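The values are calculated or read from the model by the stated rules, or taken from the named source; none is laboratory data. On a predicted model such as this, the values are computed, not experimentally measured, just so you know. Using ideal geometry, Cβ is built from the backbone for each residue, glycine included, and neighbour counts are taken over all protein chains shown. Note: areas computed on protein heavy atoms with side chains; ligands, DNA, RNA excluded. Shrake-Rupley method; radii C 1.70, N 1.55, O 1.52, S 1.80 Å.
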Amino acid sequence: MAYWPHLYLLIFIFILWVLEKRFPKVMERAEENLLVLVISSIMAVSFGQVIARYGFNTGWDAALEFNMVAFSWLILLGMSYGIKTNLHLGVDIVLNAVPKRTAKTLSLIGAAAAMLYGLILLDSTWLAMLGVNVSGGAIEYWLKMFKIGIGSEELRYPEFVQELFGLRPRVHRWLVLVVLPISLALLSYRSLQAFIDIARDKRSMLISGHEAQDLVKENQNVLKD
């Protein structure tokens, strides 16, 4: 298997780390804006399809595939964003019932497990060093799509792009699936960051604790008002 995607992902993560160190607010807004752009495109295409279909008896043939792809991008990119911003919901009853030192150890185990989960899905061939007979992963699957060069079902390049670069009409599937290795690399990276923050007592756990309790406190006087 070719290893140049691994190198590119490492370079990507390193550049991201440098940029977040130097421009934390800018990078935070950029990540948020990317997710907002994805979900806004889903809403715009869905609304446009309703107007086109019921108002003009027409529509975009690739709308369903576009929304499916965009929604998958939203989920995959949202995994790492949820860890970064401590938004993932989870059951913290055990963490709250044990001593703080034990809770910290369990949180570290959870962060490490999330990082290993991302690395295994990204590329499981490294498990062979541990004697596990497995293969495959997001990188290998993406490489296969890249080598085959097949297109998506309905998504098409604009005509000027086809003429400018001499492309076939259908959007390459590897371009659509590039989010797979990127998102899993981000998941592992954010989990590592969370592990370090928990070890340094900058955050208490990987999940968002007491969210329901906080919401109740914030809205307990709503009915009274």
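Listed values, structure above:
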{"read-out": "Residue match in the range 139-147 (condition: β-branched (V, I, T), over 25 Å from the mean Cα position of the chain (by Cα) and open to solvent by less than 40 Å² (accessible area, probe 1.4 Å))", "value": "no"}
{"read-out": "Residues (within 12 Å of M205 (Cα to Cα), open to solvent by less than 30 Å² (accessible area, probe 1.4 Å) and either without any contact (Cβ under 8 Å) to a residue 12 or more places away in the chain or acidic (D, E) (or both)) located in the range 81-117", "value": "D92"}
{"read-out": "Filter result (over 28 Å from A63 (Cβ atoms), charged (D, E, K, R) and surrounded by fewer than 19 Cβ atoms within 10 Å (Cβ to Cβ)) within the range 148-202", "value": "D197, R200, D201, K202"}
{"read-out": "Condition check for S124: surrounded by 17 or more Cβ atoms within 10 Å (Cβ to Cβ) and more than 22 Å from L76 (Cα to Cα)", "value": "no"}
{"read-out": "Residues of the range 36-80 satisfying the condition of being open to solvent by 40 Å² or more (accessible area, probe 1.4 Å), in contact (Cβ under 8 Å) with a residue 40 or more places away in the chain and part of a helix (DSSP H, G or I)", "value": "L64, F66, S72, W73, M79"}
